[in-house]
Amino acid sequence: MGLSLTRAAQWTTAASGVDKLAPTPMNESLLKEVLCFVEQFSSQHPQEAELVFEEPLQWSTTLVASDFKTDYDISDLDVQSPEKDNEGRPLLQLFPPTVCVRSFSQLSKLVKLADNKKMEEVQACLEGEHDDHRLKFESDLFVQLPSFPCSLLDYVFSNGCRAPPWRQVLNEICYLVIEPCDTETLYITCSTAGVFLNGQTSDVFEDIGALLKSTSPHFAQNANEQVLMQMQLSSILYSLLLSFYVLSYMHTFLHHYLRSKVHYYIFFFVCSKTPAGSVPVDTFSESSSESEEEEEQSERRPESDTDLPSEYWQIQKLVKYLKVGDQTATVLTLCAIMDFNLMQETCQLAIRDVGGLEVLINLLDTDEVQCKIGSLKILRKISHNVHIRRAIVDMGGLQSIMKNLDSPVKDLKALDAETIANVARFRRARRTVRQYGGIKKLVKLLDCVPNLANLTAEQEKDVEVARCGTLALWSCSKSTNNKEAIRKAGGVFMLGRLLKSPHENMLIPVVGTLQECASEEKYRIAIQTEGMIKDLVKNLSRDNDELQMHCANAIFKCAQDKQTRYLVRQYKGLQPLVSLLSKAHNKQLLAAATGAIWKCSISVENVTKFQEYKALETLLRLLTDQPEEVLVNVVGAVGEFAQIPDNKATIRNCGGIRSLVNLLTGTNQALLVNVTKAVGACATDMDNMIIIDKLDGVRLVWSLLKNPCADVQSSAAWALCQCIENAKDAGEMVRSLVGGLELIVNLLKSTNNEVLASICAAIAKIARNEENLAVLTDHGVVQLLTKLTNTTDDRLRRHLAEAVGHCCMWGSNRASFGDAGAVAPLVHYLKSKDKAVHKTTAMALYQLSRDPNNCITMHDRGVVKVSRCAV
Amino acid sequence: MSNMSAMKKRLIKTLAESISGQVELFNTAEVECLIRDYNERLGEPTSPGKGAPGLDRVKFRSILQNTFGISDDIMMDRVFRKFDKDNDSSVSTKEWIEGLSIFLRGSLDDKIKFCFRVYDLNDDTLVSMEEMYHMLKNCLPGLPTKEERDEGVKDLVEITFKKMDRDHDGRLSFSDFEQSVKEENLLLEAFGTCLPNFKRVEAFEQRVFRELQK
């Protein structure tokens, strides 16, 4: 959860290995704070309470369906809120014992329902997921600390900053008023540079704790080192998204240490974004890899000054020399700093804490090449630390670094690019690189011919510069806008040329960048048309796991395209892909290789080729004991392989059916989509179907219709079509699933066309059994189907017409369809351009025409004329 | 007059051929350019008849400062002495060109040798701690008091000496220096700037060799 909570709360690890909140007084008061905050939030901030979290809160609850009142949708043990987010996910969802909550209003409601168990619920919620990403708000929510006597100042600006715009230019974030007992009221400004008393901008403190210590003797006396450490809010303030826990926490400790001795009140508002500063904020959309990023991380700090390691004092002294020395002293001092273990966090943070970063960055703006080189040799190492990279970006250091990319000194350029590669590991840094023209400069560095037989010393340096430039682009390429910027700067051609390099240390960043960028279609086309598939295939066979992984990933992403799949086969890339499956210990590599096999196997010719290398048998062995990112791809591939009849028997003979059915009980939605697809494909073989049925596979697939994900629902419904079609006694099988028919009819209320099409197809199959059709009819299938008839989606029309046709064959359904108004829209379907729609529509109209009233409607709507056109 | 200049030209050519035979890093045409540049800088001898003909200490120091950006007093004197191989207090044409070959085209090995000889103030093939201290004594001008400056320089000398004395024999020999620089090139000019930087070299070559580039 929030950084502050992680720091403040005292965790213990229970015997089960799950982190628990320790039963300490500190934690108890923290819990009470949180509870009080949650309870009051939706009444005090009704608008904010409706904002949807980026990620749901999820925990194991003791609540059960019966605890929820009628304003929830309850079916059996599961509960959903009628309120949904943009993607149709309920804001509250209970699959016992797991509960998912996506907004504060739902959390408030739940806590109220929990009644005397509410403390336990809040605690379970905190314990449930306390990684750093959970509680992000989607928009510029600002949270006001509720339990403080606070009053709104004036207006909150749309970017979430409290400060008026003309003050934001000065990097000011918010203003506090604290009234200590022993001095006059303090009016405090928090800015990105630190905290200061209004009017005394020369005395900037690192955080509120330091400021209070110097102004309030009482505070200084009572607050120990640990408190001060924990009070370093300023760094949190300007670098992190603040969750309400920060505030609760701040309240807790202020209260704890200043209790009753100090009057204080705080106007405190929080930005959900980093303050805009002077850089224009542009819109950013980022690729998937962005999410796993280090946006928030806590920092280990020594408990007090006496614990500071000796390195700290030595580095402090050396940084002083840097400030006062001439060029010779500066170079000697830089060399002395290089002798410390710069990969160690103590040294990295020591350099920052004594003001070393500013000095190192300033050196980059001088004219002294040696000093710049020395500075970069230090920066490229310490920037492996996440806090250092943030600090560098916060002080505008990236701009100074980028200035040296044009230098005529090649060593300098290479070091410079390498440093950028380390710094640009988070979004804001990547954006800065782009906004200050860094991408173009970096692409220019790639200009060299890497595969000459004999390189001169200068040419070798050019290659090294290109390698470092590629490393930097690789880091930058994790942002979508940067991918486009690289392309526009001519980077694709340059990367293609570097792809000819014989050296692995060059190939890894080159292919790494390419596979990152292959998330974009323009890159996929370019990779194919610039002839890079050949080189990617070639490098699949190099004995280097990382390189092989990136090559396989690139093929994974590009092989969505038919021509690319053909090229991979042409260049004999299929066999090396199968060989990679033997490196099963390296899961990342295995995920990439299986992904590539999956996408390549979409072409039947490739499946045939794969079979020469016994790919399917190997894949089937990977259906158990693998991480989900591997399983998704393996199952995807099995689903494609199963399109060929011979392979269906192979899957059965290798025990693949059982493995697949076992996977139906999982929770990973991408995996479930692929598993249902594979099961459906296998079910087209009668012998397979017998096994599926025996293993209760149909029931498992059917229960996935309850999954909240639309893709899973539709994939499951398509699989059901195959199962019903090929089962021996399909009617009896369907009837044996209690509540199954009601479930399927209810899904006709879905808003997703793919779900609707798949459900219609399934209904058409089910309706072939008269008894089951009777049950469907009882559940109102006629009305629900009729409601859908106005759709313009041809795929849905085709299956809808089929369902209508089959549902006609019971009781008075023909007349009911007519009364409900299904006939007229169906006639209209004959104008569709899709032949498949005509076919099923004709069948439906034939069935409907057996009711005379329907014939009249058809005639009125000009069915004869229209069907002539359709023929 | 034309006879004079023709003769001068021939003389320069002969001299250039002889020197370029000994200095590998320049070709004859480049040496010719350098000789002409040298003659221009020499101008009329400051006090005719006295001392050997060539650049005297004053002229040489002014060139180091203005053309090559080397301005520390100790370094300028040391560089002059290392250019002036025959120790006659003036830098002859040949000495000038030999020196420039290190300045402009020297390999890392050449430069390591050169710098070490510059830093070895008493020419005893060792750089002592006292010599270091002497060369670095003004390197922390930003500290407020003389005491702090002395203290800081002493500290920096100790750190550097400890780092570069590879065989831990308490003395900095050529081999110590060479190993240290090979490991970290930034230590080449550890005790003072005594080589021109990249930009100065580029500017000098562009000016002196400009007619060759046409």
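Each value in this text was obtained by applying a stated rule to the coordinates, not by laboratory testing. These numbers come from a predicted model, not from an experiment. No Cβ is skipped: glycine too gets one built from the backbone with ideal geometry, and neighbour counts run over all protein chains shown.
Based on the Cα coordinates of the stretch A:729-870, what is the per residue volume of their convex hull in Å³? Don't jump to the answer; show the numbers that get you there.
On the way: hull volume 13.1 nm³, N = 142.
Hull volume normalised by residue count: 92 Å³.
Going by how many other Cβ atoms sit within 10 Å of their own, how do A:ILE527, B:ILE12 line up, fewest first?
B:ILE12, A:ILE527
From a point 7 Å beyond the Cα of B:ASP86 in the direction of its Cβ, which residues of the stretch B:96-118 have a backbone N at a distance under 12 Å?
Counting only backbone N, you get B:96.
Compute the FRET efficiency between B:GLU17 and A:LYS587 as 1/(1 + (r/R0)^6), taking r as their Cβ-Cβ distance and R0 = 51 Å, and round to the nearest 0.05.
0.15
Measuring from centroid to centroid over Cα atoms, what is the spacing of the stretch A:661-722 and the stretch A:86-109 in Å?
Measuring centre to centre over Cα atoms gives 26 Å.
Do the alpha carbons of any pairs in A:LYS323/A:LYS377; B:LYS9/B:LYS113; A:LYS562/A:LYS677; A:LYS538/B:LYS182; A:LYS728/A:LYS831 sit beyond 26 Å of each other, and which pairs? Provide the component values of the computation, followed by the final result.
Values: A:LYS323/A:LYS377 18 Å; B:LYS9/B:LYS113 35 Å; A:LYS562/A:LYS677 21 Å; A:LYS538/B:LYS182 38 Å; A:LYS728/A:LYS831 38 Å.
Result: B:LYS9/B:LYS113; A:LYS538/B:LYS182; A:LYS728/A:LYS831 exceed 26 Å.
Rounded to the nearest 0.05, what FRET efficiency do A:ASP67 and A:ASN752 have when you use their Cβ-Cβ distance and R0 = 30 Å?
Values: r = 30 Å, r/R0 = 1.00.
After rounding, the FRET efficiency stands at 0.50.
Let me check the size of the stretch A:648-726 from its C-alpha atoms; what are the radius of gyration and Dmax in Å?
Cα-based Rg and Dmax for the stretch A:648-726 come out at 11.1, 34 Å.
What length, rounded to one decimal in nm, is gained on full extension from A:HIS503 through to A:SER310, with 0.36 nm per residue of separation minus their alpha-carbon distance?
Numbers: separation 193, 0.36 × 193 = 69.48 nm, distance 4.17 nm.
My answer for the length gained is 65.3 nm.
Can you list residues from other chains, or at least 5 along the same chain, whose modelled amide H is less than 5 Å from the amide H of A:LYS84?
The list, which skips near neighbours in sequence, is A:LEU91.
Which of A:LYS583/A:LYS614; A:LYS381/B:LYS137; A:LYS488/A:LYS583; A:LYS648/A:LYS749; A:LYS84/A:LYS599 have a Cα-Cα distance over 26 Å?
Numbers: A:LYS583/A:LYS614 16 Å; A:LYS381/B:LYS137 31 Å; A:LYS488/A:LYS583 37 Å; A:LYS648/A:LYS749 35 Å; A:LYS84/A:LYS599 34 Å.
With Cα atoms farther than 26 Å apart: A:LYS381/B:LYS137; A:LYS488/A:LYS583; A:LYS648/A:LYS749; A:LYS84/A:LYS599.
Label points 7 Å out from Cα along the Cβ direction at A:VAL738 and B:ILE63: separation in nm?
Each label point is offset 7 Å from its Cα along the Cβ direction, giving 10.5 nm.
Let me see the pair-distance distribution of the stretch A:594-697: every alpha carbon pair, 10 Å bin width, integer percents in order.
Pairs per bin, as whole percents: 17, 55, 27, 1.
Return an integer: the convex hull volume of the alpha-carbon atoms of the stretch B:110-189, in Å³ per residue. Before the final figure, lay out each step's value.
Values: hull volume 7.2 nm³, N = 80.
Looking at the stretch B:110-189, the number lands at 90 Å³ per residue.
Hey, what angle do you get for helix B:57-68 against the long axis of chain B, alpha-carbon based, 0 to 90 degrees rounded to 10?
Roughly 80 degrees, rounded to the nearest 10.
Please give the contour-minus-distance gain from A:VAL204 to A:LYS118: 0.36 nm per residue of separation, less the Cα-Cα distance, rounded to one decimal in nm.
On the way: separation 86, 0.36 × 86 = 30.96 nm, distance 4.29 nm.
26.7 nm is the gain from fully extending A:VAL204 to A:LYS118.
Work out, in µm²/s and without decimals, the Stokes-Einstein translational diffusion coefficient of the stretch B:57-112 at 37 °C, 0.692 mPa s, Rh from Kirkwood over C-alpha pairs.
Details: Rh = 11.5 Å.
Translational D for this selection: 285 µm²/s.
In whole Å, what are the extents of the stretch A:429-567 along the principal axes defined by its C-alpha atoms, from largest to smallest?
40, 38, 25
Per residue of A:329-338, count partner chain C-beta atoms within 10 Å of its C-beta, then hand back the mean as an integer. Before the final figure, lay out the partial values.
Values: counts 10, 2, 8, 13, 6, 2, 9, 6, 0, 3.
For this peptide, the per-residue mean of nearby foreign Cβ atoms is 6.
Taking the stretch A:597-679, which trypsin sites (Lys or Arg not before Pro) meet the DSSP loop condition and have no more than 15 other C-beta atoms within 10 Å? Walk me through the numbers on the way to the answer.
Details: sites: A:LYS599, A:LYS609, A:LYS614, A:ARG621, A:LYS648, A:ARG652, A:ARG658, A:LYS677; in loops: A:LYS614.
The qualifying sites are A:LYS614.
With each label point set 7 Å from Cα along the Cα-Cβ vector, what nm distance links A:LYS562 and B:ASN122?
8.8 nm
Report the FRET efficiency, 1/(1 + (r/R0)^6), for B:GLN179 and A:LYS572, where r is their Cβ-Cβ distance and R0 is 60 Å, rounded to 0.05.
Details: r = 50 Å, r/R0 = 0.84.
Using R0 = 60 Å, I get an efficiency of 0.75.
Which whole-Hz ³J(HN,Hα) couplings does the stretch B:153-159 yield from phi under the Karplus relation 6.51 cos²θ - 1.76 cosθ + 1.60, θ = phi - 60°, glycine and proline marked x?
For the stretch B:153-159, the Karplus-derived couplings read 4, 4, 4, 5, 4, 4, 4 Hz, x marking Gly and Pro.
Looking at the stretch A:66-110, which trypsin sites (Lys or Arg not before Pro) are DSSP coil and have at most 15 other C-beta atoms within 10 Å of their C-beta?
Details: sites: A:LYS69, A:LYS84, A:ARG102, A:LYS109; in loops: A:LYS69.
Those satisfying the criteria are A:LYS69.
Could you give me the ³J(HN,Hα) list for the stretch A:743-752, computed from phi with Karplus coefficients 6.51, -1.76, 1.60 and θ = phi - 60°, whole Hz, x at Gly and Pro?
Per residue, the Karplus-derived 3J(HN,Hα) values read 4, 5, 5, 4, 5, 5, 8, 4, 9, 9 Hz.
Kindly flag which residue pairs out of B:LYS85/B:LYS154; A:LYS587/A:LYS694; A:LYS440/B:LYS199; A:LYS403/B:LYS82; A:LYS112/A:LYS706; A:LYS317/B:LYS59 have an alpha-carbon separation exceeding 29 Å in this structure.
Working: B:LYS85/B:LYS154 32 Å; A:LYS587/A:LYS694 33 Å; A:LYS440/B:LYS199 25 Å; A:LYS403/B:LYS82 37 Å; A:LYS112/A:LYS706 27 Å; A:LYS317/B:LYS59 41 Å.
The pairs that break the limit, which is 29 Å between Cα atoms, are B:LYS85/B:LYS154; A:LYS587/A:LYS694; A:LYS403/B:LYS82; A:LYS317/B:LYS59.
Can you give the mean number of other chain Cβ atoms that lie within 10 Å of the Cβ atoms in peptide A:318-328?
Working: counts 3, 0, 5, 9, 1, 3, 9, 9, 9, 6, 14.
Average per residue, whole number: 6.
For A:GLU605 paired with B:GLU24, estimate the spin-label separation in nm (one decimal), with each label point 7 Å from Cα along the Cα-to-Cβ line.
Reported label-point gap for A:GLU605 and B:GLU24 is 6.0 nm.
Taking 1 over the mean of 1/r across every pair of different Cα atoms in the stretch A:571-647, what Kirkwood radius in Å do you get? Please list the in-between numbers first.
Working: mean 1/r = 0.0833 Å⁻¹.
Over the stretch A:571-647, the inverse of the mean reciprocal pair distance is 12.0 Å.
Can you work out ³J(HN,Hα) from phi for every residue in the stretch A:370-379, in order, using Karplus 6.51 cos²θ - 1.76 cosθ + 1.60 and θ = phi - 60°, giving whole Hz and x for Gly and Pro?
For the stretch A:370-379, the Karplus curve yields 4, 5, 5, 4, x, 4, 5, 4, 7, 4 Hz.
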